[in-house]
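Have a look at the structure below, then the notes.
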Amino acid sequence: MAGNRNDFYRTLTAAVADLVEHGFDSQERLDEWLERIHAAARAALVSERVLQRSLADALTRVFRRATSPGQVARRHRGVSQFTLQQIAPRLRAELDRRILASANLIKLNREQSIARTLQRFAGWASSIPAGGTEVAKREKAKKDIRRGIAGLPYEERRVVIDQGAKLAAGLDDIIATDGGAIAGVWHHVPEGPPAYAARPQHVSRNGKVYLLRDSWAQKDGLVKAGAAGYTDEITQPGEEVFCRCRYVFLYNLRDLPPAMLTVKGRATLAEARAKIRDSERHLHAQ
């Protein structure tokens, strides 16, 4: 990889030197260098096969963490093991979908970066008068032209980080929807890449309970939205770039703030608690 990157820089150095010496004296000269720079830029990048494997490995690690028993128990208070077994194919399909989407995104970013590199070179080269020039700033030109390619590995790592957060959020959403979650408690996660700055609106949501619209509990008239409102009224965890916030989903009436229970909901909860107490007294009596 380092050798290929050095080959790209050598090709670019030779192209700049040639244009400084001869100037933009023909389209053929420019086209020849554009072809050579294009080939060298592609050779400087990690092969798509290796990148695909690394991407799949990284997102699979996210998948295993997000679907591990401990993680599910922390983020989904009340979902049954039977439900997790039933939705396992959907969770795996979400991983496959995210791997494909991430690979396509990285591929598009690569094509755009190479295209920008060629565009910068063509723009600079076509400004050099025929016959060359002594005042062209070679080092600045090379730095500006290669900027897109040099920063691409960093951008690709950023894509993997962001797509990993989106995958975790997507898996949580599937578990919550199929598992019968009632509400979600927003948890702001401040950690992130150096370039990530916590969004004030995300910080302000921390600890607030958002109702899931059309849940079984709402359809039965047991719950109502609290002051925070519904989950579908705000951006979702992982939706915005580098967001690593998450929901902890609630599945039982007893876990909701009292203000989110309707009169019927409070009565249903009181009845359920009374039955539990009766069962416990019966067991002790035996």
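What follows draws every value from the coordinates through simple rules; no lab data is involved. Everything quoted here is computed from the prediction, not taken from an experiment. FYI the Cβ positions are ideal-geometry reconstructions off the backbone, even for glycines, and counts take in every protein chain you see.
If R0 is 51 Å, what FRET efficiency do you get for GLU271 and VAL241 from their C-beta distance, rounded to 0.05?
0.65
For the range 67-139, what is the largest minus smallest coordinate of the Cα atoms on each principal axis, given in angstrom and ordered from greatest to least?
77, 21, 12
For the chain, give the share of DSSP beta bridges that are antiparallel, in percent and rounded to the nearest 5; count only bridges with both residues there.
75
Let me confirm the definition first: pairs of Lys residues in the chain, 8 or more apart or on different chains, C-alpha distance under 17 Å. How many are there?
4
Which FRET efficiency value, to the nearest 0.05, do you get for ASN104 and HIS38 by plugging their Cβ-Cβ distance into 1/(1 + (r/R0)^6) with R0 = 22 Å?
Approximately 0.60, to the nearest 0.05.
Distance from the Cα centre of the range 1-59 to that of the range 227-277, in angstrom?
54
Would you mind telling me which residue in LEU250, LEU171, LEU100 has the biggest mean-square fluctuation in a Gaussian network model of the chain, where springs connect alpha carbons within a distance under 10 angstrom?
LEU100
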